[in-house]
Amino acid sequence: MRILLVEDERKLAGAIKKGLTQEKMAVDIEYDADSGLGAALSEPYDVMIIDRMLPGSMEGLDVAKKVRDQGVKTPIIFLTAKSSFSDRVEGLNSGADDYLIKPFAFEELLARIKALMRRPIVVQGTTLKVDNLTLDTISYEVKRAGQLIELSAKEFSLLEFLMRNSGQVMSKASIIDHVWDFDTDILPNTVEVYIGYLRAKIDKPFKNPELIHTVRGFGYRLGIFLFIFDRFCASGCSGIFNGLDCFFGANIRPSNLHNPGFSYNGFSNADLFAPIAWRSIFSAFFCSHFWHNSRCTANFG
């Protein structure tokens, strides 16, 4: 999770960053309103924490208004010493999602951040779940098939990001933007290295289908596509595969689809995870079935 913190009190900003970093979050700090607005509009963040009274050409309220005017929907938490009812109403009406009055306990700030991150419809509660893989955002426990998995802080952040976006192809750039902070030196193969670390811990030790997939030329997807596909194949649909064999001149079977070297009609195994590839395959197959019906004797019962 990547956080933008706009706070002019450097000691407080440093303490907040230290605490959030220990909670496995990446934090970027800006110390005035103008640079804070620039970062908010140019970088992708999961949560923004903005002090209401800031140096610069505007105050925190204006930063929030301009961010919302530009269509940015990232949750915003205001930090402020202004505690009156009218101040809180004004802050929330400017576009903020939450309002925390100074002084505050770090635990409360952390709880509010996690509460905001639970708001998307695709995330329910504090535990993320994909197939038999679970990630607890409170206890930081990761389990697969009930077995506890030890992850480093960065591995945990990467897995959390992939699970929050399960089923979607996430590019390397998107992963870097959400898992590493702006000042971190990222090597060209950093994402591949950490994806490899995760695979070694959540995929390879288990007999279950792999959850982390490479979508060649696009990025990575976390999901159970092959698991669903294999169950479909095992449900008596062999006639469809016999027809595919005739059309492609290849042995289309689940076991081959797990084989990285397998390819058919220009489609590699990696292409399996791109939905457009399968739409193309089946569209071409069913259209051509009528042309090849005399040569293809597959039983489509």
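The values are calculated or read from the model by the stated rules, or taken from the named source; none is laboratory data. Remember, predicted model here, so these are calculated numbers, not experimental data. FYI the Cβ positions are ideal-geometry reconstructions off the backbone, even for glycines, and counts take in every protein chain you see.
If you go through segment 164-171 one residue at a time, do you hit one that is touching a strand residue (DSSP E or B) at 6+ places or on another chain (Cβ under 7 Å), hydroxyl-bearing (Ser, Thr, Tyr) and either without any contact (Cβ under 8 Å) to a residue 60 or more places away in the chain or part of a strand (DSSP E or B) (or both)? Yes, segment 164-171 has at least one match.
Residues that are surrounded by 17 or more Cβ atoms within 10 Å (Cβ to Cβ), of a type outside the set (Lys, Arg) and not in a loop (DSSP other than H, G, I, E, B) within segment 194-211 comprise Tyr194, Ile195, Leu198, Ile202, listed in sequence order.
The residue list Ser35, Ser42, Ser83 contains one member that is modelled with pLDDT under 90 and of a type outside the set (D, E, K, R), which is Ser83. Restricted to segment 1-105, the set of helices (runs of 4 or more DSSP H) holding at least 2 residues that are over 29 Å from Ile138 (Cα atoms), over 23 Å from the mean Cα position of the chain (by Cα) and touching a residue at least 40 places away in the same chain (Cβ under 8 Å) comprises 60-69. Checking each residue in segment 63-87 for being buried (at least 17 other Cβ atoms within 10 Å of the Cβ) and farther than 30 Å from Ile176 by Cβ picks out Thr80, Asp87.
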